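The values are calculated or read from the model by the stated rules, or taken from the named source; none is laboratory data. The model shown is predicted, which means the values in this text are computed figures rather than measured ones. Positions of Cβ are generated from backbone atoms using ideal geometry, with glycine treated the same way; all protein chains shown enter the neighbour counts. We work out accessible area using only protein heavy atoms, side chains counted, and drop any ligands, DNA or RNA first. Shrake-Rupley method; radii C 1.70, N 1.55, O 1.52, S 1.80 Å.
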Amino acid sequence: RMELPQVFSATHEFLFELLKKRKITGVRVDHPDGLWNPKQYFERLQAGAGKPLYVVAEKILSRDEMLPENWPVDGTTGYDFLNRVNGLFVNPENENAFDALYREFAGCAGDFATVVYQSKKRILRASFSGELNALTRRLQNVAAQVRAGAGVCFNDWRDALAEIIVAFPVYRTYVTADTRRISHQDRDAIENAIAEAMARTPAKTHAAISFIERVLLLETESAARVDGISATREFILKFQQLTGPVAAKGVEDTAFYNYNRLLSLNEVGGDPARFGIGAEAFHRWNENIAARWPDTLLTTATHDTKRGEDVRARINVLSEMPDEWRSAISRWKQFNADKKSSADGRPAPSANDEYLFYQTLVGAWPDDFKARDRKKFCERITACVLKSAKEAKARTTWTRSNAPYENAIRKFIARVLAVNSGNSFLRDFEKFQRRVSFFAKFNSLSQTILKITSPGVPDFYQGGELWDLNLVDPDNRRPVDFDLRRKFLAELKTKFAKPSGILPMLSSLLESRDPGRIKLFVIWRALEWRKRLKHLFASGNYTPFFASGMKKNHVVALAREDGNQIAISVAPKWVFGLTHGAETPPMGRGLWRGTHLELPEWCAGKIFQNAFTKEKISVRARGNRAVLELGEVLENFPVAMLV
């Protein structure tokens, strides 16, 4: 109820006190879509601060939705970036193969859109029936004001409203009491929802749906009296406050746990139906951010992400190896068939939950697993799978717990992870998981360097300086060993200060299966250069670079330019395919032979320094072009930052 001045004042008294004392420098606002008028809220927040305040909004942007430009904020909390950088490491060429293997293993034939529709409809009826009824009564009042809807009963109005809410493609629109013209983005969302609702409903409901469309597009107000206009706006604002939570509960908290084709895509603000994105789409998004929201946050993990950033990095590797993955899960299904129980006359866990379990296990399995840690790990995995089952609401829920099914899950996981000579699964799994983990660390390093150098402010969730193998909350809110991170960082700085020891140190980091010192090294070095070139990264131009040659699809490169300063980032992707499955780092002149980056002509003859290796690299002239040979750039380290 932040629209009420007295509520806003009371709620923000302590916040404004902290701002006046300069105890804080910025504010993150969670779930602004739940507000009556988000724009008004942010305006009051800025006014109360007394001077321009850094504000980011936890706004979930669906697909290519844009943040409203009239909000006085600096950007989002970064889920939009997270899903785009993550999508770079999913190979879209294997989408059909994953459709097939998911269908074979779990028997799930429906597409994601169908799962979303079913989930949102279920949530609307089960959790928001009171809100839907109240909104329907408001709609009847609006219809009466303009003498419309004769013959349409309460149930028909409610059914029409329900179908539109369920079909809404974004969280909400942003009409206010002062809106005179619907924005193009809001109009598109409304018209898309109306079209889908029409397609899903019988003809008798179409008149009600058509009237609601006119109301949402402000087309009925010309025929209404003043009190009718007020009733229309109140209906619309209440409608907007309902579509958001239905989307959140229906999509993120239900559909994301039912549709398990590739779990790395089931992330806050993500679209699991979009099986990866291309470098061109990533660059277009970054160019837009540089132009409109240069101070937005760039995140890869938060307290609310479904999986740690490196769990996703591992699961993404599976998208490159569908044949190996299919063979592995087929073997595991056979190995573990006798470990299942029965609940409600059906095998437990379900094939869909079992498929989720195997992906989770591949993603979260520690590289440096110690015997003493196995019990705790088993507890974490069990809690995660149980939460997923409850959120899916297929065989058990939070409000109607199915004890036999949940106990079957507990027993299954305990048996599967039991260390004994007869456990063929564990031996087979650990061999496969080590293979995935090898390639995944390069996904992690690449997404890290892209986050640090893309337009915006890189955000690091606590603990993510090393491999982030967290699961859904509360797992990702466990205490962090900061002393270990300080120790690792101090050691890295000492070794890096010795020029003769840099390459041996890098080689050691690459070969190590420790908790992730190599990631910490990339973060430290890249942030050091961001600090030195502060203006370049704050307001420098964004330039996408594209590779030429046989391996051109296996690299993402970008530059930040400002006058005579330039920083180029080079990040390999799809490393499994790049090396044809050989467990070798994406490095060396031989691997990248014949592949180069094309730079602006003025770069010819320029000498760059690699932030990670301190090597000097020259840009060669080739005709009227300037080129950087990737074999030289990535000779001794798998990612590069050239300054």
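Under 27 Å between alpha carbons: how many lysine pairs meet that in segment 183-336, if sequence neighbours fewer than 8 apart on the same chain are excluded? Numbers along the way, then the final one.
Details: Lys204/Lys238; Lys238/Lys249; Lys249/Lys306; Lys306/Lys333.
Final tally of qualifying lysine pairs is 4.
Pulled fully out, how much extra length does the chain show between Ser539 and Lys606, if you take 0.36 nm times their separation in residues and subtract their Cα-Cα distance?
Answer, rounded to one decimal: 21.9 nm.
How big is the dipole moment of the chain about its Cα centre under a simple scheme where the beta carbon of each Lys and Arg is +1, that of each Asp and Glu is -1, and everything else is neutral? Debye, nearest 20, please.
Using only the charged Cβ atoms, the result is roughly 1480 debye.
With a Förster radius of 41 Å, plug the Cβ-Cβ distance of Arg532 and Glu219 into 1/(1 + (r/R0)^6) and report the FRET value to the nearest 0.05.
0.15
Hey, got the Cα dimensions of segment 1-52 along the principal axes, in Å, largest first?
30, 20, 16
Checking the a/c ratio against 1.5 first, then a/b against b/c, what shape does the Cα gyration tensor give for segment 365-497?
prolate
Over the chain, with the other protein chains present, what is the accessible area per residue in square angstrom, probe 1.4 angstrom?
Spelled out: the 1.4 Å probe surface of the chain, per residue, equals 42 Å².
Just to be sure I understand, if you calculate Rg and Dmax of the Cα atoms in Å for this structure, which of (1) 24.1, 73; (2) 26.6, 86; (3) 29.9, 101 do you get?
So the structure-derived entry is (2).
Which of the listed residues, Met66, Ala47, Gly34, is farthest toward the dipole's positive end in segment 34-80, when Lys, Arg count +1 and Asp, Glu count -1 at the beta-carbon?
After comparing all options, I get Ala47.
Starting from the Cα-Cα distance between Ser230 and Glu93, subtract it from 0.36 nm times their residue separation and give me the gain in nm to one decimal.
That works out to 44.1 nm of additional length.
To the nearest 20 Debye, how big is the dipole of segment 498-643 about its Cα centre, given +1 on the beta carbon of each Lys and Arg and -1 on that of each Asp and Glu?
Using Cβ point charges on Lys, Arg, Asp and Glu, segment 498-643 gives about 220 debye.
Ignoring ligands, DNA and RNA, what percent of the 1.4 Å accessible area of segment 413-456 is carbon and sulfur?
Whole-percent figure for carbon plus sulfur exposure: 50.
Relative to the first principal axis of the alpha-carbon coordinates of the chain, what is the inclination of helix 517-532, with its axis defined by its Cα atoms, in degrees from 0 to 90 and to the nearest 10?
Approximately 80 degrees, to the nearest ten.
Percent of alpha carbon pairs in segment 1-134 separated by more than 21 Å?
62
Averaged over every viewing direction, what's the projected area of the C-alpha convex hull for segment 571-643? Give it in nm², one decimal, please.
That works out to 4.8 nm².
What does the convex hull of the alpha-carbon atoms of segment 109-183 project to on average, in nm²?
That works out to 6.8 nm², a quarter of the Cα hull's surface.
Apply 1/(1 + (r/R0)^6) to the Cβ-Cβ distance of Thr397 and Arg180, taking R0 = 56 Å, and write down the FRET efficiency to the nearest 0.05.
Taking R0 as 56 Å, the efficiency between Thr397 and Arg180 is 0.80.
How about segment 382-467: which trypsin sites (Lys or Arg not before Pro) there are in a DSSP loop, with at most 10 other Cβ atoms within 10 Å of their Cβ?
Qualifying residues, ordered by number: Arg400.
Can you find, among Gly149, Phe496, Phe442, the residue farthest towards the positive end of the dipole of the chain? Put +1 on the C-beta of Lys and Arg, -1 on that of Asp and Glu.
It is Phe496, whose Cα lies furthest towards the positive end.
Length gain on complete extension for the stretch Glu131 to Lys495, per 0.36 nm per residue less the alpha carbon to alpha carbon distance?
Details: separation 364, 0.36 × 364 = 131.04 nm, distance 6.15 nm.
Result: 124.9 nm gained on full extension.
Would you mind getting the Kirkwood hydrodynamic radius of segment 543-603 from its Cα pairs, rounded to one decimal in Å?
Taking every pair of different Cα atoms in segment 543-603, averaging 1/r and inverting gives 12.7 Å.
Quick one: helix 184-200 against the long Cα principal axis of the chain, what's the angle to the nearest 10°, folded into 0 to 90?
On a 0 to 90 degree scale, this one is about 70.
Specify which residue in the list Thr173, Leu139, Ser127 is farthest towards the positive end of the charge dipole of segment 81-178, using unit charges on the beta carbon of Lys, Arg (+1) and Asp, Glu (-1), about the Cα centre.
Result: Leu139, furthest along the dipole toward the positive end.
Quick one: pull the percent of accessible area on segment 354-394 belonging to carbon and sulfur, 1.4 Å probe, ligands and nucleic acids left out.
53
Ignoring ligands, DNA and RNA, what percent of the accessible area of segment 290-335 is carbon or sulfur (1.4 Å)?
Carbon-and-sulfur percentage of accessible area, whole number: 45.
Using only the Cα atoms, what convex hull volume per residue in Å³ does segment 150-219 have? Don't jump to the answer; show the numbers that get you there.
Numbers: hull volume 6.3 nm³, N = 70.
Residue-normalised Cα hull volume stands at 91 Å³.
Using helices alone, what [θ] at 222 nm do you get for the chain, with -39,500 (n - 2.57) per DSSP H run of 4 or more residues, divided over all residues and rounded to the nearest 500?
For the chain, the value works out to -16000 deg cm²/dmol.
Dipole size in debye (nearest 20) for segment 250-320 around its Cα centre, Lys and Arg Cβ +1, Asp and Glu Cβ -1?
Values: 8 positive and 11 negative charges, 33 e Å.
So the magnitude is around 160 debye.
For helix 154-167, what angle does its Cα long axis make with the longest principal axis of the chain, in degrees from 0 to 90 and rounded to 10?
20
I'd like the per residue volume of the convex hull spanned by the Cα atoms of segment 325-371, given in cubic angstrom.
104
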